[in-house]
1. Mind giving me the FRET efficiency for S82 and N13? R0 is 30 Å, r the Cβ-Cβ distance, nearest 0.05 is fine.
2. What is the spin-label model distance, in nm, from Y139 to V112 if the labels are put 7 Å beyond Cα along the C-beta direction?
3. Under 15 Å from a point placed 7 Å out from the Cα of L93 along the Cα-to-Cβ direction: which residues of the stretch 117-154 have their backbone N that close?
4. Using only alpha carbon positions, build the gyration tensor of the stretch 71-164, then give the equivalent ellipsoid semi-axes as the square roots of 5 times its eigenvalues, largest first, whole angstrom.
5. Is there a quick way to get the dipole size of the stretch 70-139? I mean about its Cα centre, with the Cβ of Lys and Arg at +1 and of Asp and Glu at -1; what is the value in debye to the nearest 20?
6. What does the highest-first list of 84-90, 152-158 look like by mean Cβ count within 10 Å?
7. Using the heavy atoms of the protein chains and a 1.4 angstrom probe, tell me the accessible area per residue for the stretch 60-183 in square angstrom.
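The values are calculated or read from the model by the stated rules, or taken from the named source; none is laboratory data. Remember, it's a predicted structure, so these values are computed and weren't measured experimentally. Cβ: placed from backbone, ideal geometry, glycine included. Neighbour counts: every protein chain shown. Side chains included, ligands, DNA and RNA excluded: accessible areas come from the protein's heavy atoms. Shrake-Rupley method; radii C 1.70, N 1.55, O 1.52, S 1.80 Å.
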Amino acid sequence: QKLLDKEIRRPINYSQHQKQAQAVYRESVTLEKGIEQLPITSHSARILVIEPPASTQTGAEDPQYAKAAIGRAILTFKPDASVVQMPLSEVDLLAIHERYAAIIIGLLSASVQEDQRQLVEKLVETEIPIHVVAMRSPYDIQHVPDAIASYINTYEFSYPALEVAAAALFGKIQLTGTSPVTL
């Protein structure tokens, strides 16, 4: 019995669990469109990251992720990127073409958030490469223009999932996940 008790009380190997979790995220985040547009390679290019407002969270989601931190994840790989939160003003939209070489936008259920869909449509009109990270619904791809450069599904907006998407955008990892739904 004493041997069994000793086995039960062993300390948890936190780093091993972290590695396993990271492997799961790498295998579950999916690239649905734009493999030929990745990675975003220009180190000198100005990158704009647009985050959805935190208020688009549902009651079932973990409050520790109240802010969908796609910007923070991108800054890990591109520290000089600019991060803004939706909504964008008309003045901001007009200035985008002059200031940025690529745009990364995080979406939360664009299928029901008309403002997110409209913003992506306006951004595509700038002819700047638009890289979409769908952070909840895999079906958002059906609600964005075909002219986007790339589309990644994370299925959730936890920081580890967003970090995997950011790493893929900048060519640090290759996404091997396949979509669990038909798109």
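1. Working: r = 39 Å, r/R0 = 1.30.
Approximately 0.15, to the nearest 0.05.
2. It is 1.0 nm.
3. 117-128, 145
4. Details: eigenvalues 74, 60, 27 Å².
Working through the eigenvalues yields semi-axes of 19, 17, 12 Å.
5. Values: 6 positive and 9 negative charges, 77 e Å.
Around 380 debye, computed over the stretch 70-139.
6. On the way: 84-90: 13.1, 152-158: 24.3.
Top of the packing list down: 152-158, 84-90.
7. Numbers: 5820 Å² over 124 residues.
Each residue of the stretch 60-183 exposes 47 Å² on average to a 1.4 Å probe.
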